[in-house]
Every structure is written in structure tokens, then in C-alpha cells.
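Undergrad: Got a structure for you, written out below as C-alpha cells; questions coming shortly.
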Amino acid sequence: MALYPAYPLMTSRLFLRPFTRGDVDAVHSYRGRDDVARYLYDAPLSRDECALAVQRRVSQTGFAEEGDRLVLAVETQADATVVGELSLIWRSAEARQGELGWIFHPDHQGRGYATEATSRLLDLAFHDLDLHRVYARCDARNMPSWRLMERLGMRREAHFREHGLFKGGWDEEFYYAILRREWGAMRQSTRHS
Amino acid sequence: MTLSLLPFETDRLRLRAFERGDVDAVASYHTLPASQRYGVRHVRYPSDVAEAVGIMRTQVALQRPGDVLAMALERKGDGRLIGQVLLQWSDATAGQAEVRFLIHPAFSGQGYLTEALSAVFDLAFTQFRIHRLMVRCDGRSHHSAKLMQKLGLRLEAHYREHALFQGEWDEELHFAILDREWRPNAKIFELSPRNRVA
Ligand SMILES: CC(C)(COP(=O)(O)OP(=O)(O)OC[C@H]1O[C@@H](n2cnc3c(N)ncnc32)[C@H](O)[C@@H]1OP(=O)(O)O)[C@@H](O)C(=O)NCCC(=O)NCCS
């Protein structure tokens, strides 16, 4: 099903909104850092690469068909600071599968923003996009990332060891997933936003 | 990796390349519903089998990533073809391979697969220098899961409802083993001197 959400999406402290051309410096302030890129596929991005990335994202605001990707800026309501970004990829239309990704600025980590924003995106994934299962993956050493997945109620489904090479060494990777009914139960028992 | 090691023998089996005359024997196990999921391609009708055997007949060596070595499992005693094991070399730089297997249900539970897979794992790790070998199983096939654990593979993934298979939610297990974790069992598999590669 096609989906073009109305923006911004809101949580108690945050807005989730499409990127605009004015976001290049904000994106560069975290995507340009070595510590942020450590477990990402991409190396740290230059300002020009960030400008290109932002240009691409300006149109990544909804889902028309399988394979489409939504990339949203996460901004504080209090002072309109971009604290990070979230993505949701529509992986399978037939089996209603999606994949989540997140990157936050280190200055704004540790405050629950990623959890709060991702919860909103999971609501959209299961409710508006009608997905059945959403998964995410991360390097096994990326503890902040898999702890986020566990806070969201995702289950560890895979632990791959040395299944490929990543940035000059053997890769070790976790997959986490959550089914629609599990997210529903999670939503009933907690309130993230 | 241009070695062709076929055929080779285990205690009770001969692992050999497929032949034109194998179509009926392959059809007897390959078109069963339980075989559908983890065969290399969907072979649902007897007419698909000839094509599948035709492809497997050409899969006799691992020369480049993506290549498959297809082995027919033939019982030494009566020459009967009871199943197959396919070894796919999926990635060269990271030394990855995948094994797929099928056995005729009438011959399962007698240790033939344990014997054949041990030999194929030895081959993968020692002759082909594979670093990590993986096997996918249907989450509901407890036989396969038990067999994998018996062979010393670790459960690396358990995907739930990640795909639809013939209209039903699928459940998939991935088992894997690294070269340093594999203990070759010399009793089960000994390459004859003729086949040894210096
Ligand atoms: C992965 C990443 C998004 C996690 O960020 P995070 O800040 O740890 O996650 P949250 O925003 O949900 O914050 C949770 C932390 O805030 C704390 N917190 C404070 N106030 C909170 C609140 N109101 N609600 C929830 N948690 C709160 C939590 O206790 C938790 O701290 P802890 O980890 O010390 O227990 C971040 O580390 C990151 O962007 N990394 C770099 C990029 C990357 O690797 N991305 C993933 C690639 S797979």
C-alpha cells in the first residue's frame, strides 16, 4: 500500500520531519564524525557528500512501492535542533517486511530521543504502512544500537559470526526483529511518547 | 579451486556427479512437499526434474564464487541414489559457502546424511579452504536442526515470519560453523591417496 504521511510526526519532545536543503550542516555535524561512522557502512561523510545525501532525502518522504526508503530528520520541539535521523525501508510488499535504521548526534545521545523517535516510526510502520515484521541489524560491538533495539522490545533473531568482511576485519552482526502483535503488546504495557 | 574431487567415498556412500539417468531417482525425493523449501530451485513437477538434473550434471567443480558442486548420494551396497548434497561457494574474499541437502524420506534416520555432510564439510574446509559454512533449515524441520547440532554447527539465526512460503508464514533457521570449529572426523572420511592434493 502506498503511504505519504502528514508531517511532522510528533512525540512528546520531538518532531520527525522530511529533510530540507537547510539541513546540510546539521547532517554534517554528526555524519562527518569518525565515532558516528564506526559501525555504519559509509565512512565519515564530507560536507559535499552530506549535501548530496540531503538532496536525495528531500524526496524520501513516503512509500510508493517495495524498496522505497523513508528518511526523516529528528528535531527537538523545544529549540528545533536536529538531533539525528531515522530510516525505514519497505523490504517486502508481499510479506509486509520493513527495516529500521538510526543515527544520532553523540551530543544528543543518552536522553532517550532515539527510543522515543523510533517508537513513533514503529507505530507508523505497523499501523499506517500495515507491516507484519520490522527488523534492524547492527554490528555486535555496537552496544548502544542493540540496547536501543532491546528497549524497543525487539528480539535478537540472528548472531552471525565472520560471515563477511567489514572495514578491514571479520564482521559480526546482530539482527533484531519485532512482529506487529509483539509491538502491539509492547505498546499496551509501556508508553514511550 | 579448480579441483574436481568427484567421486569420493565414505563408509557406506559414494558421492558422485549427477548423470542423465538420475532423473527418476531424483524425482522420487525432489518433488515431495518437504523438499520444496530448500531445494535450489522450485522443482514441483516431474518435468522440472530433468531440467534440475541437467543443471546439476554441470556442477562438478568450484572455480569461481557462485559455483556449486552437486553431489549425488549413492549407496555403495546397491547403487541406489538416495539424496543429494550441494556445496555452493558464495564468497571468495570472505571464504563463505552454503550447503543444501535433500534425502529420500525412506532413507532418513539411518545416518546417511551425517556421513555425507561430514565428508562434504571436510572437503569444504580442507580442500576448498572455506572459512565459514552455513546451512538453512525450515524452522519446523526438527530433524534438520538436530542433525546440524549433532554435526557441531551453531544456531546463528532464527527468523520468524520473515517471508511467505506458498501462502504461509515462513520460519527459517541458519546454522553455521567456522573452519577452526570444525573437527574433521577421519573415521568418516578419508580421501584415498589418489585424490589427495599436495
Ligand atoms: C544507536 C544510537 C542511536 C543509540 O542512541 P542512544 O542515545 O543510546 O539511545 P536513546 O536516545 O534511546 O537513549 C537511551 C539512553 O538514554 C537514557 N535516557 C535518558 N532519558 C531517557 C528517557 N526520557 N527515555 C528513555 N531513555 C532515556 C537511557 O537510560 C539510555 O541510557 P543508557 O544507554 O545509559 O542506559 C546512537 O548510539 C548512535 O547514533 N550511534 C551512532 C550511529 C550508529 O551506530 N547507528 C546504528 C547503526 S546499526
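The values are calculated or read from the model by the stated rules, or taken from the named source; none is laboratory data. Because the structure is a prediction, the values reported are computed rather than measured. For neighbour counting, all protein chains shown are included, and Cβ atoms are generated from backbone atoms with ideal geometry for every residue, glycine included. The area values use the complete protein model at the heavy-atom level, side chains included, leaving out ligands, DNA and RNA. Shrake-Rupley method; radii C 1.70, N 1.55, O 1.52, S 1.80 Å.
Undergrad: State yes or no: is A:Arg161 open to solvent by 30 Å² or more (accessible area, probe 1.4 Å), within 15 Å of the ligand (Cβ to nearest atom) and not in a loop (DSSP other than H, G, I, E, B)?
TA: On the way: open to solvent by 30 Å² or more (accessible area, probe 1.4 Å): yes; within 15 Å of the ligand (Cβ to nearest atom): no; not in a loop (DSSP other than H, G, I, E, B): yes.
In short, no.
Undergrad: Take region A:2-21 and flag every residue that is out of contact with any helix residue (DSSP H, G or I) (no Cβ under 9 Å at 6 or more places or on another chain) and open to solvent by 70 Å² or more (accessible area, probe 1.4 Å).
TA: Within region A:2-21, A:Tyr4, A:Ala6 meet the criteria.
Undergrad: So the check is Cβ under 7 Å with 6+ separation or different chains; which pairs have a first residue in region A:128-144 that's in contact (Cβ under 8 Å) with a residue 40 or more places away in the chain and within 14 Å of chain B (Cβ to nearest Cβ) and a second one that's open to solvent by less than 30 Å² (accessible area, probe 1.4 Å) and within 7 Å of the ligand (Cβ to nearest atom)?
TA: A:Ala136/A:Gly101
Undergrad: Select, from B:Ala124, B:Ala157, B:Ala145, the only residue that is small (Gly, Ala, Ser), within 14 Å of another protein chain (Cβ to nearest Cβ) and within 28 Å of A:Ala140 (Cβ to Cβ).
TA: After ruling out the rest, the residue left standing is B:Ala157.
Undergrad: Report, by residue number, each residue of region A:164-184 that is under 20 Å from A:Phe126 (Cα atoms) and either assigned to a loop (DSSP other than H, G, I, E, B) or hydroxyl-bearing (Ser, Thr, Tyr) (or both).
TA: Across region A:164-184, the qualifying residues are A:Tyr175, A:Tyr176.
Undergrad: Output yes when any residue across region A:162-175 is within 14 Å of chain B (Cβ to nearest Cβ) and under 16 Å from the mean Cα position of the chain (by Cα), and no when none is.
TA: Scanning region A:162-175 turns up at least one residue that is within 14 Å of chain B (Cβ to nearest Cβ) and under 16 Å from the mean Cα position of the chain (by Cα).
Undergrad: Specify the residue that is nearest to the other protein chains (Cβ to nearest Cβ); the eligible residues are those in region B:72-103 that are buried (at least 17 other Cβ atoms within 10 Å of the Cβ) and under 17 Å from B:Gly21 (Cα atoms).
TA: B:Gln84
Undergrad: Restricting attention to region A:38-52, does a residue exist that is more than 15 Å from the ligand (Cβ to nearest atom), open to solvent by 90 Å² or more (accessible area, probe 1.4 Å), more than 14 Å from chain B (Cβ to nearest Cβ) and part of a loop (DSSP other than H, G, I, E, B)?
TA: no
Undergrad: Now, a different point. What is the number of the single condition among (1) within 13 Å of the chain's Cα centre (by Cα); (2) open to solvent by 30 Å² or more (accessible area, probe 1.4 Å); (3) away from the ligand (no atom under 16 Å from the Cβ) that A:Trp90 does not meet?
TA: The failed condition is (2).
Undergrad: Related question: Kindly check whether there is at least one residue in region B:143-162 that is over 17 Å from the mean Cα position of the chain (by Cα) and farther than 23 Å from A:His163 by Cα.
TA: There is no residue in region B:143-162 that is over 17 Å from the mean Cα position of the chain (by Cα) and farther than 23 Å from A:His163 by Cα.
Undergrad: Still on this structure: Which residue out of A:Glu162, A:Glu173, A:Glu150 is out of contact with any His (no Cβ under 6 Å at 6 or more places or on another chain), acidic (Asp, Glu) and free of Cβ contacts under 8 Å to residues at least 24 places away in the same chain?
TA: A:Glu162
Undergrad: I'd like to verify a number: residues in region A:96-106 that are within 16 Å of the ligand (Cβ to nearest atom) and within 14 Å of chain B (Cβ to nearest Cβ), how many?
TA: Matching residues across region A:96-106 total 2.
Undergrad: Out of the residues in region A:107-140 that are near the ligand (Cβ under 10 Å from one of its atoms) and not in a helix (DSSP H, G or I), state the one that is surrounded by the most Cβ atoms within 10 Å (Cβ to Cβ).
TA: Applying the filter and picking the extreme gives A:Ala136.
Undergrad: Are there any pairs, at least 6 apart or on different chains, whose C-beta atoms fall under 6 Å, with the first in region A:32-54 and closer than 23 Å to A:Leu165 by Cα and the second assigned to a helix (DSSP H, G or I) and open to solvent by 30 Å² or more (accessible area, probe 1.4 Å), and if so, which?
TA: Listed pairs, sorted by first residue: A:Pro44/A:Asp34.
Undergrad: Next question, about the same structure. Six or more apart or on different chains, Cβ atoms under 7 Å: show the pairs whose first residue is in region B:152-175 and more than 24 Å from B:Leu117 (Cα to Cα) and whose second is open to solvent by 20 Å² or more (accessible area, probe 1.4 Å) and basic (Lys, Arg).
TA: Note: pairs meeting the criteria are B:Phe165/B:Arg37.
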